[in-house]
Each structure stands twice: as structure tokens, then as C-alpha cells.
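Just below is one structure, and these are the notes that go with it.
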Amino acid sequence: MLILNGTLLTFTPEQPVVPRGALRIQGDRITEVGFTSDLAARYPGDEVLDAEGHLVLPGMVCAHTHFYGAFARGMALPGPAPQDFPQILERLWWRLDKALTLEDIQASAEVCLVDAIRHGVTTLFDHHASPHAVEGSLEAIAEATRHAGVRACLCYEVSDRDGREVALRGLERTAQFARAARRQQDPLVAGMVGLHASMTLSDSTLEQASGLARDLEVGCHVHVAESQADQRDCLKRTGLRVVERLHRFGVLGPLGIAAHCVHVDGYEVDLLRETGVLVAHNPRSNMNNAVGTAPVPSMLRRGVQVGLGNDGFSNNLFVEMHVAYLVHRLATGDPQALPADQVLGLVYGASVRLAERYFPGPLGRLAPGALADVITVRYRPTTPLHDGNYPWHLVFGVDGTGVRTTIVGGRVLMRDGELLTLDEERITARSRELAKRLWVRLA
């Protein structure tokens, strides 16, 4: 396949922007990148995808999401509205995840996968919780992922909040799933060890989870200091701060994800850097839950690996980038707090490097030999676009609703806005029905 006539954003240092660019895909790889006039002349018999008036980019990586939360949109819960983050967990998320069935889990994943394809997100790190439907939950999500054609690294959220037996089942199912994914060498599905947060995890569970991750040669995906409540609990119970406690149990490392890290001090930031863990920044969620703003500019200055997630919000990572760009200016009072090139690096930098540890790379660039995870986005710049300013075009001018084509591993999942692997009408009709039943169970 040839993609012709687009403006390529390659994310390579040699030639970041290629006007009237073209790339050739064979199998699951990009084999050539160049100019339209050259590649079109050399491969006249190839199938052509015309990207005139479009940007052509690598697919985007979401560093932290929750497929299971899709049915919460528009849901009203009885009783008084939550007043703080612990109440949001108790009255909303911990009620919802207990009510999920396997059918709900798969349908919710399908909703999010439609959303991902439509917005150009080709790799996601998902964090799942369903304490009354542990067995088969990861397999249900994996089945939906494979059918959609998107890459997803999955984990089950182990926690002691529902009792020791549920925690042990979560660890057992995690081990079975991750071993099976590795044995199958699936290019679309991988596994991690999932943990909720320090405030819902005993020392024993942390020790077992960390040991399991070492045995499986994967990382842990855990929520870290999302709210002050997590720090207060950790200090009261252990005398340690959250990052310090997780580090002592070996939970953090270069294969892992520390989601949020909103309330971390300088010592914890240094530990995050030393362990090499990826911090997943989720600005829309943090604003929605009123928990604060993670010190991302400081983390980046001190060498922490930081990626961008959505924490279950929509998979329009362009909007997540817009919010990240703005919120740090507001939080710090510094109009240079997080420039657009650094914002773009949250999606195409550390997140890509972590994804390459779980999936056959290279990812996140348009270059010969890279996996053909490619998107086209409708955009006609009204000012010059070049190597020095394309990040600012993406932050100020581009929205994920402009994505027209999504390709993963050379397979076209959406072409000219038409989904090819998923039946969106069927999925949305089914999700409305299942969500309605779920809401009745929660009333």
C-alpha cells in the first residue's frame, strides 16, 4: 500500500516534516518513506490511499485508561453527590466495578475501542477492575481488542479493598493471562500486573504482586498519589510516602506505569527517575476529580519518564494534549510551563518507548522498518507548517475528530471515516441496553 500526497510528521530527527510525502507499507511494516512523485512512479501497481489535505502521523499511545468505565457516562447515582476523591471512588467507581458482568466488560471495551480507532489511538495501556467478575475478564477484553485490531497491554486491578480472596484471584488470573499472551506472542495483546493504589494494598499483596511481575518479566501498573488521601493513608499506616513505599516493595521499574503522581514531593520525583517507571499524566481526569495538577514540568526537568493517559475519558488524545498544554500554565502561573514540543513528547516519547517493551517495535515513527501503525488527520494549515513549529500546529490546530484513517500493523481499521473492523451501530445499541440494565442494578 502507498499513502500519497500527505504532509508526513515522521517523528524522526532526520526529516521531521515531509511535504507532499509518501510512505509504502508491506505486511505489518513501513518499508519506504519519501516524496509522492518518487514512490508513486516506482510502485504504480500498489494500492493507493490518497492523503491530500491530511497530516500523516504514527498512531498514538495512551499510557493509562480504563475500558470498564464506559458505562458511567451520563449515569446518576442516588444519594448526595461526592464531596472529595475518596467519596468519588466509593460512591461511583467501586459500586460500578462490582456490578459488572463479563458481557458488560466486553461491551464497554468495544465502546472504547471504537473511540480509539476514530481518534487515532493505536496502542493503549488498560487498567481493569471487576471484583465480582475476575475470571475471564481480561480474556473478554483481549477478544474485543483482537477483533478491533488495536494494540492493548492489559492488567487486572489487584486490591485488598474487596478482601484477600479477591486479591489472590486477581493475582492468579493476572499470571495466567500474562503467560498465555507471552506464549502466543500476540502482536496486539500483552499483559502487566495491575494494582489499585497504596491505600487499598497490604504489604503482603504488594510483595506478592512485585514478585509476580519479576517472574513474568513485566511491570506493575499502579495508581500513585492521585489524591492527598493516598499520601495521608500511607504516612499514617507505614510512616512512608507512597512512592517510597512502592519502591521498597519493588513495584516501580522501567517496565511499569505509575499513574497520576499528582501529590509527590521532590524526593519521590527522584525515586521515580531512578526506577525508570513511566508516570502516566491524566490532566482531564485530575481536573474532573479536583485532585490537583501533577508537577509534570518539574518531573521532565529532573529526567522522569512521563507519558499521557486519559484515565477513562475519551480517547481523543489531541484534546488531552490541549488540556495538558493549558493546565500547567494555569497551575504554575508560567506561560512557558509545558511547551508544545514537550506536550507532544508525552505521546510520542516515553509512552512509545514503554510500548516497545511489550509489542514488537519500532513504534511511534514513520521510518523504514517501523510497525505500520499510521493515522491520517484532516488538516489544512492556514500558516506555514515546518520542522520548527509542527508541535504548535498539533496543539492549537488539530483535533482527534479530524482523524480519517487508522492503520495498525498494516491493517486498515478505518478508512475515510468508515470503521472496517467494528460494527459501531451494533456496539452502541448493545452498550445502551447493557448500560441501562447496569444503572438499574446500581439504583
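The values are calculated or read from the model by the stated rules, or taken from the named source; none is laboratory data. Every value quoted in this text rests on a predicted model; they were computed, and no experiment measured them. Using ideal geometry, Cβ is built from the backbone for each residue, glycine included, and neighbour counts are taken over all protein chains shown.
Descriptive notes on the structure:
- Scope the range 97-108; condition over 18 Å from Glu143 (Cβ atoms) and either touching a helix residue (DSSP H, G or I) at 6+ places or on another chain (Cβ under 6 Å) or small (Gly, Ala, Ser) (or both); matching residues: Ala99
- Residues of the range 182-230 satisfying the condition of being farther than 19 Å from Arg164 by Cα, touching a His at 6+ places or on another chain (Cβ under 9 Å) and buried (at least 22 other Cβ atoms within 10 Å of the Cβ): Met192, His221, His223, Val224, Ala225, Glu226, Ser227, Asp230
- Any hit, the range 185-199, residues being farther than 26 Å from Gln87 by Cα and over 18 Å from the mean Cα position of the chain (by Cα): yes
- Failed criterion for Met75 (all others in (1) under 26 Å from the mean Cα position of the chain (by Cα); (2) aliphatic (A, V, I, L, M); (3) not assigned by TED's automatic domain parsing to the domain that holds Gly256 hold): (3)
- Considering each residue of the range 382-389 in turn, none proves to be not in a loop (DSSP other than H, G, I, E, B) and not hydroxyl-bearing (Ser, Thr, Tyr).
Here's the yes/no breakdown for (1) over 24 Å from Gly53 (Cβ atoms); (2) of a type in the set (Asp, Glu); (3) under 16 Å from the mean Cα position of the chain (by Cα):
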| site | (1), (2), (3) |
| --- | --- |
| Gly345 | yes, no, yes |
| Tyr348 | no, no, yes |
| Leu354 | yes, no, yes |
| Arg357 | yes, no, yes |
| Pro362 | yes, no, no |
| Leu371 | yes, no, no |
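- Every residue from the range 393-443 that is among the aliphatic types (A, V, I, L, M), within 30 Å of Gln26 (Cβ to Cβ) and part of a loop (DSSP other than H, G, I, E, B): Val398, Leu420, Leu422
- Test: Ala340 is at pLDDT 95 or above, over 20 Å from the mean Cα position of the chain (by Cα) and not charged (D, E, K, R): no
- Within the range 272-294, the set of residues being without any contact (Cβ under 8 Å) to a residue 40 or more places away in the chain, crowded, with 18+ Cβ neighbours inside 10 Å and assigned to a helix (DSSP H, G or I) comprises Leu272, Thr275, Arg284, Ser285.
- Residue in the range 98-113 that is buried (at least 19 other Cβ atoms within 10 Å of the Cβ), among the charged types (D, E, K, R) and assigned to a helix (DSSP H, G or I) present: yes
- Taking the criterion of being among the hydroxyl-bearing types (Ser, Thr, Tyr) and farther than 19 Å from Leu195 by Cα, the only residue of the range 256-287 that qualifies is Tyr267.
- Against the criterion of being surrounded by 15 or more Cβ atoms within 10 Å (Cβ to Cβ) and in contact with a helix residue (DSSP H, G or I) (Cβ under 8 Å, 6 or more places away or on another chain), Ala258 qualifies.
- Flag for Val377 being closer than 30 Å to Ala51 by Cα, surrounded by 21 or more Cβ atoms within 10 Å (Cβ to Cβ) and more than 19 Å from the chain's Cα centre (by Cα): yes
- Residue in the range 49-68 that is under 30 Å from Thr293 (Cα atoms) and in a loop (DSSP other than H, G, I, E, B) present: yes
- Arg169 being under 21 Å from the mean Cα position of the chain (by Cα) and surrounded by fewer than 24 Cβ atoms within 10 Å (Cβ to Cβ): no
- Residue pairs meeting the criteria (Cβ under 9 Å; at least 6 apart or on separate chains; first in contact (Cβ under 8 Å) with a residue 40 or more places away in the chain and more than 17 Å from Cys62 (Cβ to Cβ), in the range 350-370; second hydroxyl-bearing (Ser, Thr, Tyr) and part of a helix (DSSP H, G or I)): Arg365/Tyr348
- Pair list, Cβ < 7 Å and 6+ apart or interchain, from the range 12-38 residues that are over 23 Å from Val412 (Cβ atoms) and assigned by TED's automatic domain parsing to the domain that holds Pro384 to residues that are polar (S, T, N, Q) and assigned to a strand (DSSP E or B): Val17/Thr7; Pro19/Thr7
A quick yes/no check of all residues on (1) on the phi > 0 side of the Ramachandran plot; (2) in the same structural domain as Arg301 (by TED's automatic domain parsing); (3) not β-branched (Val, Ile, Thr):
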{"position": "Ala324", "(1), (2), (3)": "no, yes, yes"}
{"position": "Val327", "(1), (2), (3)": "no, yes, no"}
{"position": "Leu330", "(1), (2), (3)": "no, yes, yes"}
{"position": "Gly333", "(1), (2), (3)": "yes, yes, yes"}
{"position": "Gln336", "(1), (2), (3)": "no, yes, yes"}
{"position": "Gln342", "(1), (2), (3)": "no, yes, yes"}
{"position": "Val352", "(1), (2), (3)": "no, yes, no"}
